[in-house]
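The values are calculated or read from the model by the stated rules, or taken from the named source; none is laboratory data. The model shown is predicted, which means the values in this text are computed figures rather than measured ones. A quick note on method: Cβ atoms are made from the backbone with ideal geometry, for glycine too, and the neighbour counts reach across all protein chains shown.
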């Protein structure tokens with residue numbers, strides 16, 4: 001991972017069409033994050049068209065943040081299309097520990113073997129079947145406490161698992177990386193984690209999943225660092241984050257990425 | 001109400017998990033407002049999980065802005081959980097005067113005796129059974145014209161009623177306060193009233209309802225005043241409002257609050 | 001079209017209540033755009049109240065961006081109310097080329113003869129029955145390539161068709177205008193096209209449809225140009241766009257509008 005910028009460059013050249021079945025809170029900022037980064041997001045969730053649209057998308061993200069049973073059916077149908085076509089899809093298990101509806105949806109989606117699972121420590125612990133101390137949508141566990149669960153979950157899906165927090169941990173079950181980029185104020189903006197999941201989906205198109213996911217996290221965190229330097233609080237941070245995602249060059253990412261083998 | 005800042009300090013120390021069943025327009029900005037203030041918002045509305053989630057939340061807000069019958073059922077179920085557990089919940093009766101669906105939902109939710117009702121003058125008048133001159137989501141009546149209705153409604157629910165506008169009026173049916181903080185450009189940003197309802201819910205956790213609601217309104221209005229000084233229009237005002245909510249100290253709130261007995 | 005500003009002035013004097021049945025991604029920014037411009041937006045979509053609310057609205061916009069069959073029924077019911085009352089309504093056929101659900105919804109709504117159809121070139125081509133090269137929500141065709149389709153579609157609806165892009169094309173089937181205002185970064189902000197559709201709806205209240213639509217596009221594009229001068233990327237551009245919409249005077253619009261007969 002000496003050259004994180006190459007993954008950004010490839011993503012921007014591809015400008016992949018990414019279908020997102022995400023929650024109502026995240027839809028707008030997630031689309032803006034993906035557009036700023038140079039991807040082509042489409043929010044398409046209805047049961048009547050989700051699978052059909054998956055046929056033309058290059059990647060898919062699914063997010064259980066504001067769930068209902070119809071949406072789970074659409075997620076499963078779209079994920080199946082991606083699997084059949086060998087296209088990547090990413091699961092964001094928002095607050096999967098909180099209710100029975102979420103635990104059930106999380107289990108069903110994990111069984112479909114997502115290319116990447118991106119969550120906070122409490123979410124990854126819960127998905128892997130361990131005890132989690134999350135509150136609402138927030139993690140109550142440290143990233144370090146979820147590393148074993150992350151590797152176990154990756155073993156279960158055959159894909160990559162990314163645990164995000166102060167220092168991110170990304171693993172395919174054998175190899176692992178840590179990413180130290182980011183700013184402490186980012187959790188004060190809603191749905192930035194959800195939005196990152198869309199960036200991960202875009203990066204994985206036509207690129208090795210573990211490295212592309214790691215580069216996506218570094219890109220996002222570095223943009224957050226740059227934005228924080230120009231901001232006085234979460235409101236201006238959100239605006240400057242989009243500007244920083246838009247303005248980041250591959251070279252700047254390669255220089256600024258703080259990635260290490262774990 | 002000499003020390004409004006103490007209510008902010010207590011809320012930030014508690015960082016309460018607040019469940020919000022709110023409208024699609026408000027979800028993102030409301031979550032951002034609550035995160036900036038130091039609360040922990042969760043947007044959970046599905047019938048299949050709303051009541052279960054209410055069991056772990058410290059407070060609840062319900063908002064009828066983009067309603068359908070399924071959502072009303074989820075609101076009623078979650079409100080019942082709060083009532084049984086003695087936890088506070090706040091009703092935001094958006095445009096309750098506009099259609100039969102809204103009038104019916106408003107009446108059903110008032111019957112469940114919300115701890116606080118927060119609305120504009122036309123909404124409070126309509127909820128109390130009086131004639132209202134609202135247009136769409138906007139008030140067509142002055143706060144002053146809704147004071148009698150506010151006291152009557154508080155008598156009906158046994159809780160607090162807050163009428164927001166140029167000068168806010170807050171009453172539990174006997175005692176009442178006015179809050180003069182705020183900026184005239186705030187109504188040019190959508191869902192700022194809805195978002196305030198979430199702040200009210202967070203403040204009422206473990207604090208006396210009338211005073212906590214009054215302090216919440218002063219906090220929000222004062223942040224709006226600070227933001228307006230740095231803004232050229234509603235776009236920059238929205239960003240600076242989040243920054244101001246984030247940066248406000250209890251002491252600054254105590255000094256800047258313009259609260260008077262009514 | 002020597003005096004575009006008069007249409008803005010009339011709209012702001014009227015401050016029309018516009019009902020919007022739009023997609024989840026657009027709801028917040030669309031309401032903010034319309035409030036900044038001086039209109040009164042209301043997002044009301046439920047089958048149980050959409051037609052009733054249409055009775056009190058001065059104009060309606062419908063947008064198929066995040067569709068499901070219930071929403072189409074609400075759109076049709078609300079559009080029928082507007083037609084019966086002789087009030088304007090505007091159709092935004094987001095990604096109508098992408099799935100069967102969208103093609104069907106688009107055809108049904110066009111059959112109800114919208115006062116204005118506002119879309120990108122690929123959407124207008126697809127609605128008119130021609131081949132379209134759109135990807136996701138993005139146009140894959142030039143505005144110029146959709147001019148014949150736009151005139152044909154206007155002939156079909158008896159209304160106005162606006163094709164937006166680098167240079168917009170607006171026609172009622174016989175007369176046509178072009179608008180050159182705008183900034184190349186605007187497509188990097190999600191739902192700005194959707195939001196523009198609400199501005200068009202507001203402008204058409206009580207004004208000649210072709211000229212009002214043309215003036216609305218010039219107003220929006222000019223605000224984008226002004227905002228771009230103060231922005232470093234799409235995040236700050238979105239905030240400054242709202243400020244520019246809010247601050248624009250009729251005189252500034254008349255001076256800055258770049259409208260020509262086509």
| Which of the residues that make up segment A:90-103 are within 14 Å of another protein chain (Cβ to nearest Cβ) and in contact (Cβ under 8 Å) with a residue 12 or more places away in the chain? | A:94, A:95, A:96, A:97, A:98, A:101, A:102, A:103
| query | How about segment B:147-178: which of its residues are more than 14 Å from the chain's Cα centre (by Cα) and over 19 Å from residue B:132 (Cα atoms)? | reply | B:155, B:157, B:158, B:172, B:173, B:174, B:175, B:176, B:177, B:178
| query | Of all residues in segment C:197-209 being surrounded by fewer than 24 Cβ atoms within 10 Å (Cβ to Cβ) and touching a residue at least 12 places away in the same chain (Cβ under 8 Å), which is nearest to the other protein chains (Cβ to nearest Cβ)? | reply | C:205
| said: Can you confirm whether residue A:17 is surrounded by fewer than 24 Cβ atoms within 10 Å (Cβ to Cβ), at pLDDT 95 or above and under 16 Å from the mean Cα position of the chain (by Cα)? | reply: yes
| remark: Selection from segment A:118-143 of residues within 14 Å of chain B (Cβ to nearest Cβ), in a loop (DSSP other than H, G, I, E, B) and surrounded by 18 or more Cβ atoms within 10 Å (Cβ to Cβ) yields A:120, A:132, A:134, A:136, A:137, A:139
| query | How many residues does segment A:90-103 hold that are in a helix (DSSP H, G or I) and crowded, with 24+ Cβ neighbours inside 10 Å? | reply | 1
| request: Report whether or not residue B:196 is more than 17 Å from residue B:13 (Cβ to Cβ) and within 10 Å of the chain's Cα centre (by Cα). | output: yes
| said: Can you confirm whether residue B:215 is under 16 Å from the mean Cα position of the chain (by Cα), away from chain A (no Cβ under 14 Å) and at pLDDT 95 or above? | reply: yes
| query | Of the residues in segment C:36-47, how many are surrounded by fewer than 24 Cβ atoms within 10 Å (Cβ to Cβ) and closer than 19 Å to residue C:239 by Cβ? | reply | 1
| field | Hey, residue B:256 under 24 Å from residue B:27 (Cβ atoms) and more than 14 Å from chain A (Cβ to nearest Cβ) or not | value | no
| field | Wholly within segment B:1-89, strands (runs of 3 or more DSSP E) carrying at least 2 residues that are within 11 Å of chain A (Cβ to nearest Cβ) and in contact (Cβ under 8 Å) with a residue 40 or more places away in the chain | value | B:17-21
| query | Restricting attention to segment C:104-116, and to residues there that are free of Cβ contacts under 8 Å to residues at least 60 places away in the same chain and not in a helix (DSSP H, G or I), which single residue is surrounded by the fewest Cβ atoms within 10 Å (Cβ to Cβ)? | reply | C:113
| Residue in segment B:144-157 that is modelled with pLDDT of 95 or more and not in a helix (DSSP H, G or I) present | no
